[in-house]
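Asker: The structure is given below, and queries will be raised subsequently.
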Amino acid sequence: MTQKLHILASFWDAAYWTTVSILQKKRSALNRAGFLYNPQCSLHWQAWSHEPLCSQFKAYLFGKKTHAEPAYLAAVDKFIMSAMQSLEDDAGSGKDVLCFLGGIHPDAVPFLIEYINKFKKMKGLQPTFTAILGRQDDELRCQFLRQYKQADAQTIASIQIEQDCRHRGDELYSNFAQWCGQENCHLITHNSADPQIAEAGAMSELTSLFGLRYEEEESPPVCFPRTCPGIDLACALKAFSFSAPTSKDQNGFYARLRKVERDEGYEEALFMPKKEAACLLERCREGNDRLSRLLGRPGLFPSPHPLDALADAPENPPDMTEQQCATFCKALDPDMKDFFLRRLRDLDRKLTPKEWRIGRCLERDRLARKTPSVFAWPRRTPVVTVLTLCYNHEKYILDCMRGVTGQQADFPVEHVIVDDCSSDNSAAIIDGYASSHPHVRPVFRPFRAPHGENIRDLFGLARSEYVALCDGDDYFTDPAKLQIQADYLDEHQDCALCFHPVRIVYEGEPDKERVYPPADELPRGVRPYYHISDLVKANFIQTNSVMYRWRFQGGLPDWFHPELVQGDWYWHMLHAEKGNIGFINAVMSAYRRHDGALWRLSEIDRRKHRYKVGLDELHCYHTMNEHGNGKYREHFLRLGDGVIADILSQARIAGNSGIIDEINEKYPQFAQHFMETLAAMKRSG
């Protein structure tokens with residue numbers, strides 16, 4: 001018998017949630033029937049499927065379309081390859097492999113096929129494809145209720161068309177039919193008005209494909225709330241609470257809300273945005289007609305449809321009252337109350353009025369229970385914020401956090417850590433440490449940032465007078481560092497930032513340890529002050545040595561560029577515009593050099609390093625020159641000469657003759673200056 005790879009797709013509507021539940025409950029039965037199903041857990045949704053892999057294919061597609069930096073695409077590729085290797089291991093079992101992708105984008109199908117063909121065992125399997133499709137406004141209603149009052153229906157519908165291409169279902173099916181063969185493709189339609197449980201007939205058809213029976217009691221035992229106040233509370237908390245690595249049980253949370261809804265007799269929200277639904281269906285009509293013709297059906301969905309009987313969504317839906325909020329909060333388990341209170345305290349943005357109401361109710365409940373907590377709510381405004389960006393720093397992040405915790409200061413310090421979707425154990429380590437150290441404010445990004453969103457998240461949380469930086473693989477060594485630097489800025493109002501030397505630690509090579517910057521590399525030698533005219537010549541300020549008089553207390557401006565590879569130099573320059581650069585001649589932190597560090601290659605082979613990131617360096621110089629209105633143009637052009645020379649030197653070895661054209665196209669000023677410099681050198685002999 002031919003071994004098969006069964007690819008299953010279902011979008012974010014009733015069919016998705018029911019399928020997640022059924023497949024998870026029937027894993028043992030599937031295994032006995034000869035199907036191996038090993039899903040992953042999406043931490044944000046707590047849904048077991050291969051949706052995380054599907055999301056990464058979408059991220060890869062997005063990165064390709066927007067010309068994301070190579071590091072971003074490499075990180076996405078690494079995740080995909082790891083997930084595909086798991087499927088390859090499953091293929092080695094001899095059983096049919098089942099992969100539930102959720103809502104795959106039509107343009108991501110070629111990437112999926114390309115990756116499957118990289119693996120010998122999977123490439124040898126016979127692919128089959130099954131799609132479970134509800135009328136597109138079913139997904140609209142599901143998403144509308146799950147983003148209640150947080151996103152308008154028109155925006156949700158637009159995302160379904162512009163980003164997810166739900167109107168191209170016929171292309172998705174055709175792409176798979178071309179690969180699998182029409183005889184190996186199946187389309188199951190469901191016609192439910194319930195936003196979370198698909199109709200029994202569709203689910204019976206699905207389970208029968210795998211030789212199993214469907215029992216209605218196998219549908220999700222607990223679902224999203226169904227009343228306006230319940231949805232209100234759930235939407236206010238679900239956006240961040242279950243994305244943490246040590247998340248509480250989402251269904252347990254929903255079960256408490258549903259019980260309150262029943263006990264209090266709240267009215268079910270039997271409505272949907274009718275105008276947006278009609279527009280969405282019109283956009284999808286041609287694709288649905290093509291798909292029905294392809295399948296030889298008179299139509300995909302019945303008319304009238306159960307969704308047609310729903311009322312229109314109210315223009316101003318009622319808000320959850322203070323009493324309703326208190327009733328919901330009181331019904332939660334004590335550990336869940338503390339969990340939500342901490343998450344509200346650590347939220348990576350300004351709280352909405354609704355979130356403040358929930359926080360107040362939870363804090364009143366905590367005080368009424370006389371439960372002690374180290375997590376004061378709301379959080380105090382710090383004098384100094386330490387900003388840390390972490391990606392796969394599980395070996396180092398504890399040193400970083402302990403270095404901040406050990407600071408002896410007479411003012412409050414906050415440590416904001418943004419984990420950029422690490423694939424190792426970093427996030428769990430951060431979350432565990434933060435659970436007993438209230439000054440730590442963790443933020444866990446669900447996806448790798450392709451265009452500097454991680455920096456925007458990180459910097460956007462700093463509202464203190466002073467800000468210090470420390471990457472996740474570096475650490476502070478002097479417990480008085482923050483006090484010394486804050487006192488310095490207090491006493492020197494003419495300074496916009498201050499810095500100090502650092503000890504560079506080479507992993508596994510202790511004999512190479514050194515201090516940076518050495519005195520002879522400081523512009524004009526050791527001085528109490530430096531100026532932006534010094535800094536523009538070279539970046540002599542190591543990242544975890546700086547403290548800023550934070551110029552972005554009101555938030556980041558639109559003109560800020562978070563994506564720059566040499567970002568710290570850019571940040572130093574932006575602050576040096578506002579005042580002098582103070583120098584404290586004392587080593588107070590350590591900068592770690594290890595094989596995974598971004599700039600490690602620059603010391604081993606500068607030309608190879610610049611061939612890899614040189615265009616990003618030119619982008620940084622170009623951005624800083626534009627920001628300064630050309631004031632330091634000649635300095636940046638001279639720096640660009642060295643970068644271009646190294647790129648071309650390595651490009652000759654690599655046989656890349658087109659790189660100079662790319663430089664000339666993207667950064668013509670730098671290319672022209674380089675050619676003029678070469679001509680001048682030739683003339684001078």
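The values are calculated or read from the model by the stated rules, or taken from the named source; none is laboratory data. The structure displayed is predicted, hence computed values, not measured ones. Cβ atoms come from the backbone with ideal geometry, glycine included; neighbour counts cover every protein chain shown. For accessibility, only protein heavy atoms count, side chains too; no ligands or nucleic acids. Shrake-Rupley method; radii C 1.70, N 1.55, O 1.52, S 1.80 Å.
Asker: Using a 1.4 Å probe, what is the accessible area per residue for the range 473-531, in Å²? Walk me through the numbers before you get to the answer.
Answerer: Working: 2780 Å² over 59 residues.
On a per-residue basis, the range 473-531 sits at 47 Å².
Asker: Report, ordered by chain and residue number, the aspartates and glutamates lying within cross-link reach of residue 274, taken as a straight Cα distance under 18 Å and ignoring same-chain residues fewer than 8 apart.
Answerer: By straight Cα distance, residue 274 reaches 13, 137, 138, 139, 152, 194, 282, 308, 312, 315.
Asker: Quote to one decimal, in nm, the extra length available between residue 480 and residue 161 on full extension: 0.36 nm per residue of separation minus the C-alpha distance between them. Working shown, then result.
Answerer: Working: separation 319, 0.36 × 319 = 114.84 nm, distance 5.46 nm.
Here the answer is 109.4 nm.
Asker: Something else about it: Which distance in nm do the two modelled labels at residue 608 and residue 77 give, with both placed 7 Å along the Cα-to-Cβ direction?
Answerer: About 1.7 nm separates the two model spin labels.
Asker: Where Lys and Arg each count +1 and Asp and Glu each count -1, what net charge lies around residue 565 among other residues with Cβ under 9 Å from its Cβ? Walk me through the intermediate numbers first.
Answerer: On the way: positive: none; negative: 69, 563, 616, 617.
Every neighbour counted, the sum reads -4.
Asker: In whole percent, what relative contact order does the chain give with Cα contacts below 8 Å and a gap of six or more residues?
Answerer: On the way: 1081 pairs, mean separation 69.0, N = 685.
Answer for the chain is 10 percent.
Asker: Which of the residue pairs 65/121; 149/350; 64/120 have a Cα-Cα distance greater than 24 Å in the structure shown?
Answerer: In this structure, 65/121; 64/120 exceed 24 Å between Cα atoms.
Asker: Okay, next question. If the cut-off is a Cα-Cα distance under 19 Å, which lysines reach residue 330, setting aside same-chain residues fewer than 8 apart in sequence?
Answerer: Straight-line reach from residue 330, under 19 Å: 238, 248, 259, 354, 370.
Asker: Straight distance only, please: which aspartates and glutamates reach the Cα of residue 682 with their own Cα at less than 17 Å, same-chain residues fewer than 8 apart left out?
Answerer: Correct list for residue 682: 641.
Asker: Quick one: which residues, 5+ away or cross-chain, put their amide H under 5 Å from the amide H of residue 134? H built at 1.01 Å from N.
Answerer: Amide H neighbours of residue 134, under 5 Å, 5+ apart: 11, 190.
Asker: Something else about it: Rounded to two decimals, what is the ratio between the C-alpha radius of gyration of the range 32-145 and 2.2 N^0.38 Å? Don't jump to the answer; show the numbers that get you there.
Answerer: Numbers: Rg = 15.2 Å, N = 114, 2.2 N^0.38 = 13.3 Å.
So the range 32-145 has a normalised radius of gyration of 1.14.
Asker: Enumerate by residue number the chymotrypsin sites (Phe, Trp or Tyr not before Pro) in the range 131-180 meeting two conditions: DSSP loop (anything except H, G, I, E, B), and at most 15 other Cβ atoms within 10 Å of the site's Cβ. Mind showing how you got there, number by number?
Answerer: Working: sites: 144, 148, 173, 176, 179; in loops: 148.
Sites meeting the loop and neighbour criteria: none at all.
Asker: Tell me what the chain gives for mean residue ellipticity at 222 nm when only DSSP H runs of n ≥ 4 count, each as -39,500 (n - 2.57), the sum divided by the residue total, rounded to 500 deg cm²/dmol.
Answerer: Numbers: 27 runs with 324 residues, N = 685.
Helix contribution divided over all residues of the chain: -14500 deg cm²/dmol.
Asker: A further question on this structure: So what's the range 559-599 giving for Rg/Rh, alpha carbon basis, Kirkwood Rh from the mean inverse pair distance?
Answerer: Values: Rg = 13.7 Å, Rh = 13.0 Å.
We get a ratio of 1.05 for the range 559-599.
Asker: Between residue 680 and residue 626, what is the FRET efficiency for a Förster distance of 25 Å, r being their Cβ-Cβ separation, to the nearest 0.05? The partial results should precede the final answer.
Answerer: Values: r = 25 Å, r/R0 = 1.01.
In this case the efficiency is close to 0.50.
Asker: For the range 453-461, take each phi angle, set θ = phi - 60°, evaluate the Karplus expression 6.51 cos²θ - 1.76 cosθ + 1.60, and give the result in whole Hz per residue in order, putting x for glycine and proline.
Answerer: For the range 453-461, the Karplus-derived couplings read 4, 5, 5, 5, 4, 5, 5, x, 8 Hz, x marking Gly and Pro.
Asker: Cross-link list 537/578; 612/666; 4/58: which exceed 21 angstrom alpha carbon to alpha carbon? Before the final figure, lay out each step's value.
Answerer: On the way: 537/578 18 Å; 612/666 16 Å; 4/58 24 Å.
Cα-Cα > 21 Å for 4/58; rest within.
Asker: Considering only protein heavy atoms and a probe of 1.4 Å, how much of the accessible area of the chain is carbon and sulfur, as a whole percent?
Answerer: Working: 14920 of 29710 Å².
Accessible surface attributable to carbon and sulfur in the chain totals 50 percent.
Asker: Can you tell me the order of 569-575, 311-317 when each peptide is scored by its average per-residue count of other Cβ atoms within 10 angstrom, highest first? All intermediate terms of the calculation are to be shown ahead of the outcome.
Answerer: Details: 569-575: 21.1, 311-317: 10.6.
Packing proxy ranking, top to bottom: 569-575, 311-317.
Asker: Further question on the same structure: If the viscosity is 1.567 mPa s and the temperature 4 °C, what translational diffusion coefficient in µm²/s does Stokes-Einstein give for the chain when Rh comes from Kirkwood over Cα pairs? Walk me through the numbers before you get to the answer.
Answerer: Details: Rh = 28.3 Å.
Value of D from the Cα-based Kirkwood radius: 46 µm²/s.
Asker: Rounded to a whole number, what is D in µm²/s for the range 255-352 from Stokes-Einstein with the Kirkwood radius over alpha-carbon pairs (37 °C, 0.692 mPa s)? Numbers along the way, then the final one.
Answerer: On the way: Rh = 17.9 Å.
Value of D from the Cα-based Kirkwood radius: 183 µm²/s.
Asker: Further, regarding this structure: Dipole of the range 504-653 (Lys/Arg Cβ +1, Asp/Glu Cβ -1, origin at the Cα centre): which of 576, 533, 550 lies farthest to the positive side?
Answerer: Farthest towards the positive end: 533.
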